[in-house]
Amino acid sequence: GAAGSALMHWGNPGMVGATKVWATVNIALAAVLLGLAWERTRGLALPIGIHFAWNWVQGPLFGFQVSGTGSGGWLQVVFHGRPDWLTGGAFGLEASLPGCLVLLVPIVWLWKRKAGPEPIEAPSESASAIESEQPTDPVRG
């Protein structure tokens, strides 16, 4: 679950001190977000899309570290002298307060949203038998 996802990242570069705490909380929140995305849609497209977009926006677009790894992006956001709780430090935005807030917004939205439609089930044998006994033309009986 969420704790397992967070623990899997503990060996990543930059997981030290307060960064480790923020990263653990935020990665657990990300797991909750992905789980809710699946729960509400009953498909993998939304959770996979969210995960891909999250990593792509942080790394290749803005040049942040992604879970402690990565190289430059198209844009280079620079946080000179800003505290790690604000920037995520060497781990990336996943280990920051803004990262936490970004995760909480869609979690709350998905939490309040109703689940998608239930899968369509094949008709049971009794329903098929009842349908076959009914006349097809109500005028002719």
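Tabulated values for the structure
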read-out: When residues of the stretch 19-37 are limited to those that are among the β-branched types (Val, Ile, Thr) and farther than 11 Å from SER5 by Cβ, the one surrounded by the fewest Cβ atoms within 10 Å (Cβ to Cβ); value: VAL21
read-out: Residue match in the stretch 97-116 (condition: assigned to a helix (DSSP H, G or I), touching a Lys or Arg at 6+ places or on another chain (Cβ under 8 Å) and modelled with pLDDT under 95); value: yes
read-out: PHE52 vs. criteria at pLDDT 80 or above and open to solvent by 60 Å² or more (accessible area, probe 1.4 Å); value: yes
read-out: Filtered residues of the stretch 64-93 (kept if farther than 20 Å from ILE27 by Cβ and either modelled with pLDDT under 85 or crowded, with 16+ Cβ neighbours inside 10 Å (or both)); value: SER71, GLY72, GLY73, TRP74, LEU75, GLN76, VAL77, VAL78, PHE79, HIS80, GLY81
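The values are calculated or read from the model by the stated rules, or taken from the named source; none is laboratory data. Keep in mind the model is a prediction, meaning the values are calculated, not measured. Neighbour counts are summed over all protein chains in view; Cβ atoms, including those assigned to glycine, are modelled from backbone coordinates with ideal geometry. Areas reflect the complete protein model, heavy atoms only, side chains present, ligands, DNA and RNA absent. Shrake-Rupley method; radii C 1.70, N 1.55, O 1.52, S 1.80 Å.
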